[in-house]
Amino acid sequence: MNAPASFSLGTIPTTVSTGRRKLVNVRQRSLLVAKMRTLWILAVFVLVTVCALGRITYLGFTGVTPRHGELGDLLVPDRGEIVDRNGVPLARDFRVYSLWFNPKAMTEGSALIQSPEEVAGRLVRIFPDLDRDELIGKLRSGKPGYLRKSILPEDANKVHALGEPALEFPLEATRFYPQGSMAAHVLGYVDSYGHGKVGMEQAFNDRLISPEGRAAPSVLSIDFRVQSALEDELSTAITLSKAKGAAGVILDVDTGEILALASLPSFDPNHVKPTDMVISAEEARQGDVPHGFNRVTNQVYELGSTFKPITVASAIDAGVVSDLGKQWPATPLHVGRFTIHDLHNYGASLNVPETLIHSSNTVTARIADELGGVRLKQTMEALAMNQRPYVELPAKGFPIWPSGEWPRLRTMTVAYGHGIAVTPLHLASAYAALVNGGIWRPATLKKLGASEVPEGRRVFKASTSARIRQLLRMIVQYGTGRKADAPGFRVGGKTGSAEKPGVGGYRHHSLIATFAAAFPMDKPRYVVIAMMDEPQGTAATSFQRTAAWNAAPVIQRVVPRIGPLLGVMPDETRDIDISDLKPLVPQGSDGE
Amino acid sequence: MNFTSDRVRSIGWISVLVVCGAMTLGLTLRVNAVKSQVHDTEKRIVWVKQDIDFLETEFQTRSNQQALRQLNDLEFGYKAPMAGQYIEGERQLAALGAVAGPGAPQPIRYANAEKPEGDESSLLAMVSPVTGATAAALPEGDEKHGDKAAPKGRDPEREAIARDAAAIGKRLARIEVAEAAQQ
């Protein structure tokens, strides 16, 4: 460097010592730089090693982070699945081909290679249900649009073979219901804009399109096997009795979960027609309702004699009826200009078990009179008869509920199910409270875990509920409900046949026939309601229109089908103990 | 060139860096290749899952409750079992095997076909192409083709049928091979 120059200039010792010092300095600086560089490299290596170790430790503790990438999204449906309580899909997204006309597919010349008539003719050969003239109109219009929705893959291949680039078949996600029309009123449907309508599709709409709802299915309380059995038997009953319609519900008495809910005639949510949801004014005048109308939760009916056990329970609870063997007059009852009478003459007097077995209006009215309107109204309010039914469905009918103070006649008519109109679901919840020890719980269509069961509210004493269980069983063993008795299943219940109101009073030949049942009565687990709308007396029902001949046989056929599925095995050696009430009734009574 | 030890060391370091860099590059390429394979496999898994969903939906639709009911109405006519058809527990089940008391009616016996002991071959259930007789229809004591040396418990006649069937099979195979050779 500069050292040789300094030698030639001045005093040697000084120069040498200066040069040495400089050299020492240079060497020290070089060493320092080298050390610093080594330290830097070491620091980088340490940093990298620490990062690597940190990452390894993190992965060791947390595992590999799942990727929520594009591929994962492909498996998540656009709209969440709806499954039954056992995980069987009831509604799911499904990709189907559609036939789409895209006139801009051909960049030059006309949209089609062949003439519109020729293309329309060939399409009609593939899809015979298409209208040829309508097709020609669409192809000539030059506007893009659907020619047909939901086509089979083999038909898509046939369309492809026509060699028309303007005929496209995009794969589109649609809502599909594998069980067809089963549980249609529970599920509802999805309209062309992707909005849920009518059933749980509407009630759960926000949840079904949320990220959580799409990732995990929404579980209903419905059991699709039980639903199928109920619909099947109601449908058979409609055929046999030529009824206008039918409704049924099966409810878990301890949780309020709905196991099945059927309203017939039904509709197919895969192919909803405009007439399923709207009917003409003329049809409405004749008392018809659209197929999409839910008779279980939306339609209110006077459910007749099925209310009698509620009145009796209220009277037992209040201490008005303490001796079930007490004889009550059974003669026609005159209240003002109105006369309450029974269907048949059952003699001068009846005790309480006989009243229910024969379904006596006069004695029930007298019991209600003694109970008083205030207490009967309180019971009905505690059973939520003055509110819309508790269920998630959007279609909920408001009861025809006499407000204010009930006069004497109103109290008497409500006691046997007239002058008050509720939905069959109200009745199911009330019967659950009657037999489960006296606790009313709201009905639900969501599957409940053990910790999610609502506490409910006490309506009847447990002792009253035990009495009512005995009485309901006696009605099926000896009374009007004998046709509902399924051997071994210990069914109890009550018939109810109410005339439908019309213009100018009640229509004597238009009945609502209802049977409200519970089983097994030694430890009730499920309530089953079957309701027939205007059954016509046919040979199959011995020309009878009443519930005993139309609704009760439905229970007799449904219970053996659903009991074993729900864990209730038939046992003819077991039954509820009615030995203390048996002496109060003569064996084998007849009539309703 | 004058290679000092520092220069050699520097070249050594550079070489090591180049080698490490090359190895890192190679490893990165390899990792990316594996990642690409994993991505392809994931795509295939998604397709297969979509196919499974499609097939599940098809099966559920074809076997929906309404279809099963129609099938039952037309073909089987099954009904829900009655209370008497259920067994309460093990005690009741054991009672079914109890010895009949004196004077009790004979239990109804049902016919059934039993498989030959020790031989699970389905060939024996077939009709013999030579004699036209079924294996099950042959009398037990027939000693026509009896083989005295046959092991105890095995039916020589059934074995003969099996041999015949095998021979026919071989002959047919030979004919097919000959025809194939001509073609």
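Every read-out reported here was derived from the displayed coordinates using simple, explicitly stated rules and does not represent laboratory data. The shown structure was predicted, so the numbers you read here are calculated from the model rather than taken from an experiment. When we count neighbours, we look across all protein chains shown, and the Cβ atoms used for this are built from the backbone with ideal geometry, even at glycine.
Worth pointing out:
- Overall, the protein assembly as shown carries a charge dipole of about 3760 debye about its Cα centre when +1 sits on the Cβ of Lys and Arg and -1 on the Cβ of Asp and Glu, all other atoms neutral.
- Grouping the Cα pair distances of the protein assembly as shown into 20 Å bins from zero gives a pair-distance distribution of 12, 29, 23, 19, 9, 5, 2, 0 percent in increasing distance order.
- Farthest positive-ward along the protein assembly as shown dipole, Cα basis, beta-carbon charges - from A:Thr362, A:Leu162, A:Ala415: A:Leu162
- Note on A:Phe127 and A:Ile400: their simple-model spin labels are 4.7 nm apart, each label 7 Å out from Cα toward Cβ.
- In a reduced charge model with +1 at each Lys and Arg Cβ and -1 at each Asp and Glu Cβ, segment B:2-73 shows a dipole moment near 480 debye about its Cα centre.
- If you plug the beta carbon distance of B:Glu42 and A:Val76 into 1/(1 + (r/R0)^6) with R0 = 22 Å, you get a FRET efficiency near 0.95.
- Positive-end residue, chain A charge dipole about Cα centroid, Cβ charges, pick of A:Leu303, A:Gly87, A:Ala330: A:Gly87
- In segment B:5-76, taking the dipole from charged Cβ atoms about the Cα centre, the farthest positive-side position among B:Val46, B:Ala67, B:Ser10 is held by B:Ser10.
- Residues A:Phe169, A:Phe101 arranged by fewest to most Cβ contacts within 10 Å: A:Phe169, A:Phe101
- Segment A:25-154: C-alpha gyration tensor shape, a/c 1.5 cut-off, then a/b vs b/c: oblate
- Chain A: calculated mean residue ellipticity at 222 nm from DSSP helix runs of at least 4, using -39500 (n - 2.57): -11500 deg cm²/dmol
- B:Arg91 paired with A:Leu42, simple spin-label distance in nm, labels 7 Å along Cα-to-beta-carbon: 8.6 nm
- Put in line by how crowded their Cβ is, counting other Cβ atoms within 10 Å and starting with the fewest, A:Asp317, A:Asp522, A:Asp206 read A:Asp206, A:Asp522, A:Asp317.
- Estimated FRET transfer efficiency (B:Gln106, B:Asp164; beta-carbon r; R0 30 Å; 0.05): 0.15
- In this structure, the residue pairs whose Cα-Cα separation is over 24 Å, taken from A:Lys446/A:Lys483; A:Lys494/A:Lys582; A:Lys244/A:Lys273; A:Lys523/A:Lys582, are A:Lys446/A:Lys483.
- Gyration tensor (alpha-carbon) shape descriptor, segment A:320-369, a/c threshold 1.5: oblate
- Under the span-like rule (Cα at least 30 Å along the axis, Kyte-Doolittle mean at least 0.0), DSSP H helices of chain A: A:12-62
- Modelled this way, with points 7 Å down the Cα-to-C-beta line, the labels at A:Leu53 and A:Phe543 are 9.9 nm from one another.
- In plain terms, the residue of A:Trp440, A:Trp401, A:Trp40 with the fewest other Cβ atoms within 10 Å comes first and the most crowded comes last, giving A:Trp40, A:Trp401, A:Trp440.
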